[in-house]
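Remarks on the structure that follows.
The values are calculated or read from the model by the stated rules, or taken from the named source; none is laboratory data. Because the structure is a prediction, the values reported are computed rather than measured. All Cβ positions, glycine included, derive from the backbone under ideal geometry; neighbour counts span all protein chains shown.
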Amino acid sequence: MQAIKLVAIDATTATEEARRQLEICNACRYCESYCSVFPALHRQRAFADGDIAQLANLCHNCRGCHYACQYTAPHAFNVNIPAALARVRQQVWQQHAVPGWLAGTFHRNGVAIAVMVMAAFALLLWMIQSPASTANAGFYSLISHNALVALFVPTFIAPLVAAYLSVRRYWQSIGGQRISLAQIRGAMGSVATMKNLAAGHGDGCNFEDEDRFSHARRRYHQATMYGFLLCFAATSVATLMHYLFDLSAPYALFSLPKLLGLSGGVLLCIGTLGLGYLKTQADPELGDRSVWRGEMGFILLLFAVSSTGLALYAGSESPWLPELLALHLGTVLAFFLLLPFSKMVHGFYRLAALIRDEQVKGVR
């Protein structure tokens, strides 16, 4: 693969170019059944900025529409909907982020920032460990439970508040209304099955190869999503066991936290490795090239969290336990700290876009 050349496009230019291309698509309608974008597109005749932001976050960048389009370059219309919506999508995430400049910085330098923050947290956690402890005494002999709570609670809550404020701004900008349970169920159904990565014909998308349809990207996305949810569930169950039942870590292999965490870690490793590989195989001209490093930085963060967690379990009785513990906890802290500025926030935006789509469909 050749090196990716980064090209910055301002928000107004990106929105206007997307509007031009969407109006052409609205006249053609060849791709009407491809994904949620085109039915939503064809319900309208004119597109405000909020409408374009909504359509951009409905798009999953499967690229099937591009390879089917008769108006792509070298045609004079030069339609490239995946790239146009990708640029708007990234601009929207950065505009609504709290604070916005951090999102822009991460998207331009994601890999370097992820590595530096992970290393800094890992070093800090290694330095504050108790020097008199031994590996066989367990995690809390290395770092006390109270110290971990003091580190993780603010690092967990503050980014979630920032992400909430970001998505709230986006919801207001696209005209979101009061949400019903039926709308949530409809949106969650699309998320759970990754329906928009299967394309309207059900054969999958051709993200990595224009001549071949595949469900690979859909499967890797599902492995990543469900792997992350299982890991989060493992942490939540362990927290309840600790505070409600006075059952402290470490837990046995067949305990619920271990079973959830190990299965989630394996799925997350598989999913992130697969997504990273597919991204190196895909045509960079059909996405936003300026955020390549940010997207790869996000994949690196998720892979680091899962792989170091598995390594920590494997080495829980080894003399390398202090280093493995510091490395894993450092990656987890880095992941949460960078969450509002990384591509992780796209999951919240996509869910909001799907809910808004359910709302609009319900009043038509």
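Looking across the range 252-284, just one residue is in a loop (DSSP other than H, G, I, E, B) and either outside the structural domain of L230 (by TED's automatic domain parsing) or of a type in the set (S, T, N, Q) (or both), and that is S255. Taking the conditions (1) at pLDDT below 85; (2) not in a helix (DSSP H, G or I) in turn, N196 satisfies each one other than (2).
Residues in the range 304-350 that are part of a helix (DSSP H, G or I) and among the polar types (S, T, N, Q): how many?
Initially, the range 304-350 is screened for residues part of a helix (DSSP H, G or I), giving 304-314, 321-341, 345-350.
From what is left, the residues that are among the polar types (S, T, N, Q) are 306-308, 331.
Selection size over the range 304-350: 4.
Looking only at residues of the range 242-259 that are crowded, with 16+ Cβ neighbours inside 10 Å and in contact with a helix residue (DSSP H, G or I) (Cβ under 7 Å, 6 or more places away or on another chain), we find that the one that is farthest from T331 (Cα to Cα) is Y251.
Here Y71, Y30, Y67 are screened, and the one residue that is in contact with an Asp or Glu (Cβ under 6 Å, 6 or more places away or on another chain) and either outside the structural domain of L286 (by TED's automatic domain parsing) or not polar (S, T, N, Q) (or both) is Y67. A18 passes every criterion in (1) over 11 Å from A84 (Cβ atoms); (2) buried (at least 21 other Cβ atoms within 10 Å of the Cβ); (3) in contact with a Phe, Trp or Tyr (Cβ under 9 Å, 6 or more places away or on another chain); (4) not β-branched (V, I, T) apart from (1). If you take the residues in the range 23-37 that are part of a helix (DSSP H, G or I) and touching a residue at least 40 places away in the same chain (Cβ under 8 Å), which one is nearest to A198 (Cα to Cα)? In this case the residue turns out to be V37. For the range 152-167, the criterion of a residue being modelled with pLDDT under 90 and of a type in the set (G, A, S) is satisfied by no position.
Taking each residue of the range 80-101 that is within 20 Å of I113 (Cα to Cα) and looking for partners that are acidic (D, E) and modelled with pLDDT under 90 with beta-carbon atoms closer than 6 Å, six or more apart or interchain, yields Q90/D288.
Kindly provide the set of residues from the range 113-151 that are at pLDDT 85 or above, out of contact with any helix residue (DSSP H, G or I) (no Cβ under 8 Å at 6 or more places or on another chain) and over 21 Å from L247 (Cα atoms), ordered by number. Those that are at pLDDT 85 or above, out of contact with any helix residue (DSSP H, G or I) (no Cβ under 8 Å at 6 or more places or on another chain) and over 21 Å from L247 (Cα atoms): M116, M127. Among the residues of the range 63-82, are any out of contact with any Ser or Thr (no Cβ under 6 Å at 6 or more places or on another chain), outside any loop (DSSP other than H, G, I, E, B) and closer than 21 Å to V360 by Cα? Within the range 63-82 (the criterion being out of contact with any Ser or Thr (no Cβ under 6 Å at 6 or more places or on another chain), outside any loop (DSSP other than H, G, I, E, B) and closer than 21 Å to V360 by Cα), the answer is no, since none of the residues qualifies. The set of residues from the range 222-249 being within 18 Å of H145 (Cβ to Cβ) and either assigned to a helix (DSSP H, G or I) or in contact with a Lys or Arg (Cβ under 9 Å, 6 or more places away or on another chain) (or both) comprises A234, T235, S236, V237, A238, T239, L240, M241, H242, Y243, L244.
Sort through F228, F232 and tell me the only one that's under 15 Å from G309 (Cα atoms), surrounded by fewer than 14 Cβ atoms within 10 Å (Cβ to Cβ) and within 21 Å of the chain's Cα centre (by Cα). Talk me through it step by step, then tell me what you get.
On the way: F228 fails: surrounded by fewer than 14 Cβ atoms within 10 Å (Cβ to Cβ).
Going through F228, F232 in turn, the sole match is F232.
Just one residue in the set L321, L337 is of a type in the set (A, V, I, L, M, F, W, C) and farther than 25 Å from I157 by Cβ; that residue is L321. Pairs only if they're at least six apart or on different chains, beta carbon under 9 angstrom, first in the range 114-140 and under 29 Å from L102 (Cβ atoms), second part of a loop (DSSP other than H, G, I, E, B) and modelled with pLDDT of 70 or more; list them, first residue then second. Taking only residues 6 or more apart or on different chains, the pairs are A114/S342; L125/I143; I128/I143. The set of residues in the range 162-193 being within 30 Å of G100 (Cβ to Cβ), part of a helix (DSSP H, G or I) and not small (G, A, S) consists of Y164, L165, V167, R168, R169, Y170, W171, Q172, Q183, I184, M188, V191. For the range 268-282, the criterion of being free of Cβ contacts under 8 Å to residues at least 12 places away in the same chain and of a type in the set (S, T, Y) is met by at least one residue.
How about the range 94-126: which of its residues are in contact with an Asp or Glu (Cβ under 8 Å, 6 or more places away or on another chain) and among the aromatic types (F, W, Y)? Passing the criteria: only W126. When we screen G104, G100 for residues that are buried (at least 16 other Cβ atoms within 10 Å of the Cβ), at pLDDT below 90 and over 28 Å from A216 (Cα atoms), the only hit is G104.
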